[in-house]
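The values are calculated or read from the model by the stated rules, or taken from the named source; none is laboratory data. Note that this is a predicted model, so its numbers are computed, not measured. We place every Cβ from the backbone using ideal geometry, glycine too, and count neighbours over all the protein chains shown. When the accessible area is computed, the model is the full protein with side chains, heavy atoms only, and any ligands, DNA or RNA have been set aside. Shrake-Rupley method; radii C 1.70, N 1.55, O 1.52, S 1.80 Å.
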Amino acid sequence: MKYYIVTYGCQMNVHESEKLAAICEKMGYCLAEKREEADLIVFNTCAIREGAEDRVFGNVGALKKLKKQRPSLIVAVCGCATQKESTANWMMKTFPFVDIVIGTFNLANFQHYVNAVKTGRQLELLSEGEIDETLPYKRTSGENAWVNIMQGCNNFCTYCIVPYVRGREKSRQEANILKEIEEIVAEGKYKKITLLGQNVNSYGKDLTPSVSFAQLLQDICAIEGDFVVSFMTSHPKDLTDDVIDVIAKQDKICKDIHLPAQSGNNRILQLMNRRYTREKYLGIIEKIRSKIPNARLTSDFIVGFPTETEDEFLDTMSLVEQVRFDGIFAFMYSPREGTVASKMQDQVPQEIKQRRVNMLLALEKKIQEGKK
Ligand code: SAH
Ligand code: SF4
Ligand code: F3S
């Protein structure tokens, strides 16, 4: 019996697919080289933008033929897209050959759903879940080991679906994180450890007693061994001086810092509910550059947020020009059902979003070429 997992979205999903892989192997499945050979196919989905969801739907739909050839094939869909009730129901209705539809909170119980398929199609979405500390991972990212330090997000940026599909912030106990990292280091196979969370800077605020992210980094660096620590993603509003100081001081911490700015315009930043201004963002960048001269700075931007004018977009261009990042990702705003921004008047037309994203990417290319 063989399994195959198709993963969409961010590193969090990549890591959760490592958990799914471990569950599949525990059930006695081994990894198939391609989906045509598999007896169990899992789609771990993403909902961040419409394009991400469409890719999922297209690829699930394409399994119809395979399932016809092999009726015993089990098809499962899980993750952020199906955590939305409307999408989960739509999937069940549109794809009668899909056997299991679950969300983000019941992935740890995957074995249960596979076993239950004998009795019929499975659809279950939970609205909340604890972080499972007991499940093993089948690590699949070479010399890099992912370590989840928290899940969920409390920020509710007005464009973003993540808080709706991943729930509120929940930090793992520091002792469990340290133990996991000690084990990873002891294995000797991994050179890099990447800490994962939607907003790692607010790690530990919900623990009693609370632990700061800076403290966690410090304690991780105290673990003996030859490894580097990296983390994603930071939110500019929470990137405090003590975190910058630890990064500067500790040789074990990788100097790549991904700090999504989203926009260079204060009115748009406020509408996005990002809770910092352009000036505050630039201040943090300056602080990072002065304390960590070899920092490698990267960022994310969204163009065409509802009501964004041409001048406001040009503020994003000027921010990018001013900071001269080591790399940026630029996205066209994509309305996500249920978010505040999707209900705003004056959505920006697609052609304008396209032109703006092209302009931003052209600027980025010019900056990178100038650095060569
Ligand atoms: N938690 C991280 C990453 C979130 S998703 C953070 O806060 O930075 C990664 C990126 O996708 C975001 O930084 C944002 O630039 C982009 N993104 C999120 N929602 C989007 C939407 N509705 N439309 C377009 N881009 C979006
Ligand atoms: Fe989404 Fe904002 Fe949370 Fe990032 S911080 S996951 S962009 S709501
Ligand atoms: Fe996508 Fe979910 Fe990550 S929406 S970006 S897979 S948290």
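Placing dummy labels 7 Å off each Cα toward the beta-carbon, the span from residue 309 to residue 222 is 5.4 nm.
Full extension of the segment from residue 329 to residue 94, taken as 0.36 nm per residue of separation minus the current Cα-Cα distance, would add 81.3 nm. Only lysines eight or more places from residue 68 in sequence, or on another chain, were considered; those with a Cα closer than 30 Å are 2, 19, 26, 34, 84, 93, 118. Pair-distance distribution of segment 228-274: all C-alpha pairs, bin width 10 Å, starting at 0; shares per bin in whole percent are 23, 45, 23, 9. Give me P(r) over segment 14-73, computed from all C-alpha to C-alpha distances, binned every 10 Å, as integer percentages. Pair shares across the bins are 19, 45, 33, 3. Quick check: at a probe of 1.4 Å, how many percent of the accessible area of the chain sits on carbon and sulfur atoms? Taking all protein chains in place, the chain shows 51 percent carbon and sulfur surface. Within segment 77-114, none of the chymotrypsin sites (Phe, Trp or Tyr not before Pro) combine a DSSP coil assignment with at most 10 other C-beta atoms in a 10 angstrom radius. Solvent exposure of segment 10-135, expressed per residue, is 46 Å² of accessible area, with all protein chains present and a 1.4 angstrom probe.
Among the GluC sites (Glu not before Pro) in segment 285-348, those located in a DSSP loop and surrounded by at most 15 other Cβ atoms within 10 Å of their own Cβ are 337. Partnerless cysteines in the chain, where a partner means another cysteine C-beta under 4.7 angstrom, comprise 10, 24, 30, 46, 78, 80, 153, 221, 254. For segment 130-188, the list of GluC sites (Glu not before Pro) that fall in a loop by DSSP and count at most 12 other C-beta atoms within 10 angstrom reads 130, 133, 143. Modelled spin labels at residue 215 and residue 186, positioned 7 Å past Cα toward Cβ, are 2.5 nm from each other. Largest to smallest in accessible area, the residues 118, 170, 287 fall in the order 118, 287, 170 (1.4 Å probe, all protein chains included). Between amide H atoms placed 1.01 Å from N, distances below 5 Å from residue 2 occur with 30, 39, 40, all of them 5 or more places distant or on a separate chain. Here the chain has an Rg and Dmax of 21.5, 62 Å, counting Cα atoms alone.
Estimated at 0.36 nm per residue, the fully extended path between residue 141 and residue 358 surpasses their Cα-Cα distance by 74.9 nm.
Each Cα pair of segment 9-167 feeds into the Kirkwood radius, which the Stokes-Einstein equation turns, at 4 °C and 1.567 mPa s, into a diffusion coefficient of 80 µm²/s.
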